[in-house]
Amino acid sequence: MPATSSSRNFPAISGIRWCSCWSPSFVAIWPAPAAARSNIPTTFLNKRLTPEQCWAAADECGAPMVSIPGGEPLIHNEIDQIVAGLVERKKYIYLCTNALLLKKKLDLFTPSKYLTFSVHMDGGKEDHDEAVCRDGVYETALEGIKEAVKRGFRVTTNTTLFDGANPERVRKFFDEMMKLNVEGMMLSPGYSYQKAPDQEHFLHREKTQKLFREILKDRKKSWRFNLSPLFLEFLQGHIDYECTPWGNPTYNIFGWQKPCYLLQEGYVSTFKELIEDTAWENYGHKSGNAKCADCMVHCGYEASSVDDTFSSLAGFARTVRATLAPTR
Ligand code: SF4
């Protein structure tokens, strides 16, 4: 097993894929049954971070990449200003969207190497429409993707896979996304963290590994993933990592969330407090914390795989091998 990230130094500014992740609003524009945010009290659902708060969080954290999840960031009235301020700061932005409003809102933005629309897709038409309980959203998302690609924006997809996902359908979905010329696809297993409402459909570790092995076997050369190749090996159970819970620090209207994007165990007002005062040893698979037992989610484990790549020659060699000749 490779060395894992044991240092609690500030990984957010040292690795090229580590990012800060914050939600300018909690509001989604469809009733997503698997959305963990549904346990947010309704009094907070309409609160928004201001552009100034967003930029201050980015400056304070110093991470080179910022992921903007939701709810749905495109309904934030000042999302264009937020993005412009981050581009000015030379932050690589992943603006996560369900793309329902993407076509309409594209005029607000200018194509830039710093801005990527990360479109949430639950799979092909059948799976996507079912997951969001609304017919036609898949086609709408596709239109948004096509228009964004046509106008020269960077576009990726992000897909969370839950128990019951059909490997063959997922593989077809990859083909469909590649035909749209998206830059790459991000994947993550759904995870049964306690606050999510739909526990029965989240994946447990062995099932996660089996599912990803089936999906990624005889991987087509045409598939491009926007993920560390070592993280893909990890998802299939070919390599083991410990979690790096501080790898994607999360900021929202309550402050910096402890300890990670998934678990909500309190908030602190500064990034320094988050890093210095969180009992990190209580989190991650090996900690024995039941809440972390089955987690293989990218916000904790992709940071570990990136750390592996850049922390030693052996890790770098593993990455080259996983890129050129992934385990089959
Ligand atoms: S294993 Fe890491 S990312 Fe997953 S819930 Fe625990 S602390 Fe969060």
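Each reported figure results from applying straightforward, stated rules to the coordinates on display, with no laboratory input. Remember, predicted model here, so these are calculated numbers, not experimental data. So basically every Cβ, Gly included, is an ideal-geometry build from the backbone, and we count neighbours across all protein chains shown.
Taken about its Cα centre, the range 229-328 carries a charge dipole of roughly 280 debye when the Cβ of each Lys and Arg holds +1 and the Cβ of each Asp and Glu holds -1. Packing, as the average of other Cβ atoms within 10 Å across residues, places the peptides 138-147, 120-129, 62-71 in the order 62-71, 120-129, 138-147, highest first. When each of the peptides 306-316, 228-238 is scored by the mean number of other C-beta atoms lying within 10 Å of its residues, the order from highest to lowest reads 228-238, 306-316.
Among the listed pairs 47/113; 104/220; 47/258; 104/210; 91/217, those with a Cα-Cα distance over 28 Å are 47/113; 104/220; 104/210; 91/217.
Of the residues 319, 293, 278, the one whose Cα sits farthest towards the positive end of the charge dipole of the range 248-328 is 319 (charges of +1 on Lys and Arg Cβ, -1 on Asp and Glu Cβ, taken about the Cα centre).
Principal semi-axes of the equivalent ellipsoid, √(5λ) from the alpha carbon gyration tensor of the range 160-285, are 30, 16, 15 Å from largest down. Cross-link partners of residue 105 among aspartates and glutamates, defined as those whose alpha carbon lies under 19 angstrom from its own and excluding same-chain residues fewer than eight positions apart: 72, 78, 80, 139, 143, 147.
What is the gain in length, in nm to one decimal, between residue 317 and residue 143 on full extension, counting 0.36 nm per residue of separation less the C-alpha to C-alpha distance? In short, 58.7 nm is gained.
You can think of it this way: the chain between residue 217 and residue 77 has 46.1 nm of extra reach, that is 0.36 nm per residue less the Cα-Cα gap. Hey, which aspartates and glutamates would be in cross-link range of residue 272, C-alpha to C-alpha under 20 Å, not counting anything within fewer than 8 residues on its own chain? Residue 272 reaches 52, 59, 60, 281.
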